[in-house]
Amino acid sequence: MTSRRVDGWGVVDRATPVPFTFDGGAFEGRAGDTLASALLANGVGVVAPSPIEGRPRGVFSAGVEEPNAFVELTAPWFEPIVPATMVDLVRGLSAHGRPGVGRLPLDPPPTRPADHRHAHVETLVVGGGGAGLAAAADAASRGDRVIVAHDRAWWGGALPDGDATTTAERLACEDDVTMLASTTALGVYDDGYVILHERTTAADRIWHVRARRVVLATGAIERPIAFADGDRPGVMLAGAVRVYLERFGVLCGERAVVFTTNHWAYGTARALRDAGADVVAIVDVAPGGPTGQAARADGFEVLDGWAVAAVDGDRRVEAAVLVAPDGTERRVEADLVAVSGGWHPNSHLYRAIGGGLRYDEALAGWVPTGDAPDRLEVVGTATGEGLPTSVPYAFTPAEDLTRHYVDLQRDQTVADVVASVETGLRSVEHVKRRTYIGTAIDQGRTSGALTAAIVNDALGEALGAQGPTNARPPAVPVSYAALAGRDRGALLDPARTTPIHDWHVDHGAVFENVGQWKRPWSFPRDGEDLDAAVFRECRAVRESVGVLDASTLGTIDVTGPDAATFLDRMYTNRMSTLAVGRIRYGLMLGLDGMVMDDGVAMRVTDDRFLVTTTTGGASTVLDRFEEWLQTEWPDLRVYCTSVTEQWGTVAVGGPRARDVVAAAGCDVDLSADAFPFMAWRDGTVAGVPTRIARVSFTGELSYELHVDGRHVAHVWETVMRAGAPFGITPYGTEAMHVLRAEKGYVIVGQDTDGTVTPDDLGMSWIVRRDDSDFVGRRSLSRPDTSRPDRKQLVGLLPIDRDLRLPEGAHLVDGRAATEVDDAASPARPVPTLGHVTSSYRSAALGRTFALAMIRDGRARLGSTVHAATASGAAPCEVVAPVFWDPEDRRRDG
Amino acid sequence: MLLIRCPWCGERDEIEFRYGGQAHVAYPHDPSALSDREWADFLFMRDNPKGPWRERWFHTAGCRRWFNAVRDTATHRFVATYRLDEDPPELAS
């Protein structure tokens, strides 16, 4: 390629060299260059191979529509893939050509720091060309807060525009006007919500703008024309050739053919000649108009009605084959073919939010309809106004269309589009999905209009019968690093920790995430694996005493004269009959009768309850309470307050729990007679006012110490000291899960999945039988919820006592699994009976066990089912889902 | 992102809200008096019009109040939002 910088042309700063590397070679550009212009100035013709066929490809355009010149940046920051036309050259930049597909190294170099900003304005202008700046000036003069986002580093259109620069500088001085250069609108959304991507040398910034009015001044895009080998380096859009010359001072070729359907490309021809290039011919497919006559008078060879049929050359254009209206061919030597198939508005953002297009015959292109979606306004050439009239001409006809490239980034040709139509596809959307045209990074900016024209032609339909395919945000590629901003690592999501968290960390806890909470999963000691640690923790609770941080349990204060009435309607059992000082376990159902959450209610006073929820269900339950109170029962005087963070909870459980709580300095009579199961007492523990609750999720004697969250760490540490003589053992959620499963206590969300009724769990005892209504009650007598063969909770004992079944394993009939050759066995596929919901190794039982939901489970007690495991069918005995202390003898200690 | 006018707080971004489905579907006075079919209709069946309809929203991350809205399902445009104790506006878009 013979590109070079021409004296007297362009507005780059020639006094400021900018060194950079490309594909390992050292080059020098100038301040104000893009990477594309710098490469062209250095004579780099081939930027990257094409993605599918590996054909050499060079810079095709000067803007966002670029389908060829994709690069990976490795310095000064990492970007997996960007068009070289949109990269502002900076000192030390390092780039590598990429075949249209980015790659993510496992250990990528640093990306630019990124941030998010929010802004509210009356007017947001997308596009800082003449029309956009005029709209911004107008809005600013009315006193609007204004943001102008322009995707280039300079103000004004692609060609140098001194007036635009002046206007932009003046606007930048105004209050309430924010001028954002190098800022691309990624998408326009409902109600004037626009996402912008600002790129500075220091940082990426994602702007979330809510605008009363969005002005789209996004300019226009030039269409290419497809001809044989029209993808070779040296075939470029005519407008881009002129931009490289007039803005960057780069001459893209010495011997040029200009191939056009419209008069604008004559400007490129004149500029090329003025800059010293030889314009071999202006090939104008339209009958000569006044522009052609003027050019001819000025000495240009204008070939009316001709076309470019092909180019010769492999890694660069060496010659062009021109074809006359009568089919005569003429070969001319050339190193540049500047192509213009006409212009149409750049309507990507507008279409993506649902803006309609209509076919404009004068432009032979698609323009926005007059009625833009809410809050949107389209101005300037983005409306189609001022664009050159053009004859419709998508490709040069030929016998062989297999090298007439339409979508350069998908290596798809006119022949591929025609073949799609010939298979019976009639919609451009279907052709898009067969050919993948328009699905690449450039989203078909140069190929979409061509494809629609070819489809219409192949179907024998009118021009403009179908338009380009839908557009979607983001309008241009954006890196995940930019979108993520600071929301990475520890800042990805808020982490909720209890006041005892630091103690857990200091004592080697391994944590699990429960919603946003960090809960100790287990406290392994030196050398212990997790299984051994859980085993030890479970044994301690069963044999002596353990302690659990239960502060994460959701707690809701339900207060008001009608609190009891309200809770009666929310729970399957009655809370109104609960005495002050007592506690009751409750189940909450959805309207569909399915178990939604569980927990206990403590009656604090006649009109006040403290209700606990599952750790993950707290906000759902609060939302649900508020929904019913506001939307159905506004007459009830009830107030719900989340107090999860206000309370900290230390759960002391095991045969020695009473001794430990007493030793921690407790002024409440802890004897079973004075303080029975499912009661609470207010008192003092470790010098701190404490509400002590006798509830148990392990089956052992347990005291939950509820204290002000500020004091809970102190109470925890006091309990640990008091319990040391008893070998008190902190345990985590996994041991808790094992212990509760040994007792057959379900975990909502683990043993249930939103399709489980109380009866399915064997918990009909908690559903009251009187006539009063509660949420979900009516659904329990629906035919589907009352049919006999529903899945029911059972226990499983694997015949292999060491086999821990995988949770989620499917269970099949014993007969089906063992006697498959028997003629009486069920036909394959063997139906599943259900699945394992919880599965553990039990210290207390000395074996493994599981809970499962299986069809007609209670009728199967004593029978054998088989679990599907990776090592084959595992036989299991079906048993009642209570493995430990079924008579509840241990809970009083 | 939709801009939703909470009757209590004014215009706020959609992410502050939770959607609540069709509005004015009252919980039956006595569910036990309903046939299975009537209960199933209440439980499962909702309108699904193209055009304006009445729906519920919950200002989860704001005032935590439920309110109703008339929104055009074809354009996403809100015709009106109104408090639970206000009469619903006409459905003309």
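The values are calculated or read from the model by the stated rules, or taken from the named source; none is laboratory data. On a predicted model such as this, the values are computed, not experimentally measured, just so you know. Here the Cβ positions follow ideal geometry from the backbone for every residue, glycine too, while neighbour counts run over all protein chains shown.
Looking only at segment B:12-22, count every residue that is within 16 Å of A:Leu591 (Cβ to Cβ) and either assigned to a helix (DSSP H, G or I) or more than 9 Å from every other protein chain (Cβ to nearest Cβ) (or both) and tell me the total.
The total comes to 2.
Residue by residue, here is whether (1) among the hydroxyl-bearing types (Ser, Thr, Tyr); (2) more than 10 Å from every other protein chain (Cβ to nearest Cβ); (3) assigned to a helix (DSSP H, G or I) holds:
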{"position": "B:Ala26", "(1), (2), (3)": "no, no, no"}
{"position": "B:Ser32", "(1), (2), (3)": "yes, no, yes"}
{"position": "B:Ala40", "(1), (2), (3)": "no, no, yes"}
{"position": "B:Leu43", "(1), (2), (3)": "no, no, yes"}
{"position": "B:Asp47", "(1), (2), (3)": "no, yes, no"}
{"position": "B:Arg56", "(1), (2), (3)": "no, no, no"}
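Provide a single number: the residues in segment A:437-461 that are at pLDDT below 95 and over 16 Å from A:His348 (Cα atoms).
The total comes to 0.
From A:Ala440, A:Ala471, grab the single residue that is touching a Pro at 6+ places or on another chain (Cβ under 8 Å), closer than 30 Å to A:His116 by Cβ and assigned to a loop (DSSP other than H, G, I, E, B).
On inspection, the qualifying residue turns out to be A:Ala440.
Condition first: more than 14 Å from chain B (Cβ to nearest Cβ), farther than 24 Å from A:His263 by Cα and surrounded by fewer than 24 Cβ atoms within 10 Å (Cβ to Cβ). Now tell me which residues in segment A:204-231 satisfy that.
A:Asp204, A:Arg205, A:Asp229
In segment B:1-11, how many residues are touching a strand residue (DSSP E or B) at 6+ places or on another chain (Cβ under 7 Å) and at the interface with chain A (Cβ under 10 Å from one of its Cβ atoms)? Full working, then the answer.
Start the filter on segment B:1-11 by keeping residues that are touching a strand residue (DSSP E or B) at 6+ places or on another chain (Cβ under 7 Å), which leaves B:1, B:3-7, B:11.
This time we only want the ones that are at the interface with chain A (Cβ under 10 Å from one of its Cβ atoms), so: B:1, B:3-4, B:11.
Total satisfying the criteria: 4.
If you go through segment A:43-93 one residue at a time, how many are surrounded by fewer than 21 Cβ atoms within 10 Å (Cβ to Cβ), farther than 21 Å from A:Glu198 by Cα and free of Cβ contacts under 8 Å to residues at least 60 places away in the same chain?
The qualifying residues number 3.
Could you count how many residues in segment B:70-83 are under 11 Å from the mean Cα position of the chain (by Cα), among the charged types (D, E, K, R) and surrounded by 14 or more Cβ atoms within 10 Å (Cβ to Cβ)?
Residues meeting the conditions: 1.
Could you say whether any residue in segment A:778-789 is modelled with pLDDT of 95 or more, touching an Asp or Glu at 6+ places or on another chain (Cβ under 8 Å) and either outside any helix (DSSP H, G or I) or away from every other protein chain (no Cβ under 14 Å) (or both)?
Looking for residues that are modelled with pLDDT of 95 or more, touching an Asp or Glu at 6+ places or on another chain (Cβ under 8 Å) and either outside any helix (DSSP H, G or I) or away from every other protein chain (no Cβ under 14 Å) (or both), one finds none in segment A:778-789, hence no.
Out of the residues in segment A:26-42 that are touching a residue at least 12 places away in the same chain (Cβ under 8 Å) and among the small types (Gly, Ala, Ser), which is surrounded by the most Cβ atoms within 10 Å (Cβ to Cβ)?
Per the stated criteria, the residue is A:Ala36.
Which residues, counting only those in segment A:246-265, are assigned to a helix (DSSP H, G or I) and crowded, with 24+ Cβ neighbours inside 10 Å?
Result: A:Ala265, single match.
Limited to segment A:841-881, what total is found for residues that are of a type in the set (Gly, Ala, Ser), under 30 Å from A:Val545 (Cβ atoms) and part of a loop (DSSP other than H, G, I, E, B)? Spell out the reasoning first.
Taking segment A:841-881 first, the residues of a type in the set (Gly, Ala, Ser) are A:842-844, A:846, A:850, A:852, A:857, A:859, A:862-863, A:867-868, A:870-874, A:880.
Those still in the list that are under 30 Å from A:Val545 (Cβ atoms) too: A:842-844, A:846, A:850, A:880.
Now restrict to residues that are part of a loop (DSSP other than H, G, I, E, B): A:843-844, A:846, A:880.
Here the count works out to 4.
Based on this model, can you work out whether A:Val283 counts as of a type outside the set (Lys, Arg), surrounded by 21 or more Cβ atoms within 10 Å (Cβ to Cβ) and without any contact (Cβ under 8 Å) to a residue 40 or more places away in the chain? Before the answer, list the steps.
Details: of a type outside the set (Lys, Arg): yes; surrounded by 21 or more Cβ atoms within 10 Å (Cβ to Cβ): yes; without any contact (Cβ under 8 Å) to a residue 40 or more places away in the chain: yes.
The answer is yes for A:Val283.
Answer yes if at least one residue in segment A:406-428 is surrounded by fewer than 19 Cβ atoms within 10 Å (Cβ to Cβ), closer than 30 Å to A:Thr291 by Cα and at pLDDT 95 or above, and no otherwise.
Within segment A:406-428, none of the residues are surrounded by fewer than 19 Cβ atoms within 10 Å (Cβ to Cβ), closer than 30 Å to A:Thr291 by Cα and at pLDDT 95 or above.
Could we say that A:Ala601 is away from chain B (no Cβ under 14 Å), part of a loop (DSSP other than H, G, I, E, B) and touching a residue at least 24 places away in the same chain (Cβ under 8 Å) here?
Judged against the criteria, A:Ala601 is not a match.
For segment B:84-93, which residues satisfy the criterion of being surrounded by 12 or more Cβ atoms within 10 Å (Cβ to Cβ) and within 11 Å of another protein chain (Cβ to nearest Cβ)? Steps first, answer last, please.
Step one: filter segment B:84-93 for residues surrounded by 12 or more Cβ atoms within 10 Å (Cβ to Cβ), giving B:84, B:86, B:88-89, B:91, B:93.
Answer for segment B:84-93, where residues must be surrounded by 12 or more Cβ atoms within 10 Å (Cβ to Cβ) and within 11 Å of another protein chain (Cβ to nearest Cβ): just B:Leu84.
Going through A:Thr605, A:Thr631, A:Thr684, A:Thr649 one at a time, which residue ends up being among the hydroxyl-bearing types (Ser, Thr, Tyr) and closer than 27 Å to A:Asp753 by Cα?
On inspection, the qualifying residue turns out to be A:Thr631.
Can you tell me which residue within segment A:478-510, out of those that are part of a helix (DSSP H, G or I) and in contact (Cβ under 8 Å) with a residue 24 or more places away in the chain, is nearest to A:Trp716 (Cα to Cα)? I'd like the intermediate steps shown before the answer.
Just the residues of segment A:478-510 that are part of a helix (DSSP H, G or I), to begin with: A:480-484, A:489-491, A:501-506.
From what's left, in contact (Cβ under 8 Å) with a residue 24 or more places away in the chain: A:481-484, A:502-504.
Details: A:Ala481: 42, A:Ala482: 43, A:Leu483: 42, A:Ala484: 38, A:Asp502: 12, A:Trp503: 9, A:His504: 11 Å.
Here the answer is A:Trp503.
How about segment A:582-596: which of its residues are surrounded by fewer than 22 Cβ atoms within 10 Å (Cβ to Cβ) and out of contact with any strand residue (DSSP E or B) (no Cβ under 9 Å at 6 or more places or on another chain)?
A:Leu591, A:Asp592, A:Met594
Return the only residue of A:Glu198, A:Glu169, A:Glu174 being among the acidic types (Asp, Glu) and either within 14 Å of chain B (Cβ to nearest Cβ) or part of a helix (DSSP H, G or I) (or both).
None of the other options fit; the residue is A:Glu169.
Against the condition over 29 Å from the mean Cα position of the chain (by Cα) and either aromatic (Phe, Trp, Tyr) or within 18 Å of A:Ala185 (Cα to Cα) (or both), how does A:Val121 come out, does it pass?
no
Inspect segment A:359-370 for any residue being within 29 Å of the chain's Cα centre (by Cα) and over 18 Å from A:Leu133 (Cα atoms) and give the result as yes or no.
no
Identify the single condition in (1) hydrophobic (A, V, I, L, M, F, W, C); (2) in contact with a Ser or Thr (Cβ under 8 Å, 6 or more places away or on another chain); (3) farther than 15 Å from A:Gly776 by Cβ that A:Leu578 does not satisfy, given that it satisfies every other one.
The failed condition is (2).
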